Amino acid sequence: MGYSARRGFTNGKVSGAQRQAEMQQKIQQMQEAMTAAQDAVEAQEFTASVGGGVVEAKVNGKKEVLSVTIKPEAVDPEDVEMLQDLVVSAVNEALRQAGDAMEKSVSSVTGGLDLSGFGF
């Protein structure tokens, strides 16, 4: 057993305070990596088309709708409900793609750990 003015008596092992400091540093690094991964996904755009390409929706990684494109042949005044369904379907698919990309990006940082309880 040795003595250090800084650490007091030690037996050469890492103290609990040192382990806690190391753990906090690792958590900070993980948070920074996760933020970078999330920012990268949020900057991406995701596009989905349905109905053979007559309706297309584009969203970003923040899950904001950027555009909806409807080709003239999709517009049938006798069947507005079909067009509405196509728009909803295209938007939902693009949002699903954005969500999957975010989940994959965060999972690559966390190694698959479920950190949802921590607000991630």
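The values are calculated or read from the model by the stated rules, or taken from the named source; none is laboratory data. Bear in mind the structure is a predicted one, so any value in this text is a computation, not a measurement. With ligands, DNA and RNA removed, areas are computed over all heavy atoms of the protein, side chains included. Shrake-Rupley method; radii C 1.70, N 1.55, O 1.52, S 1.80 Å.
For K71, a cut-off of 19 angstrom between C-alpha atoms picks up these lysines, skipping any fewer than 8 places away in its own chain: K58. Among the protein heavy atoms, those of D39 account for about 90 Å² of accessible surface (1.4 Å probe, every chain in place). By accessible area, using a 1.4 Å probe on protein heavy atoms only, segment 14-120 has 51% of its surface on carbon and sulfur.
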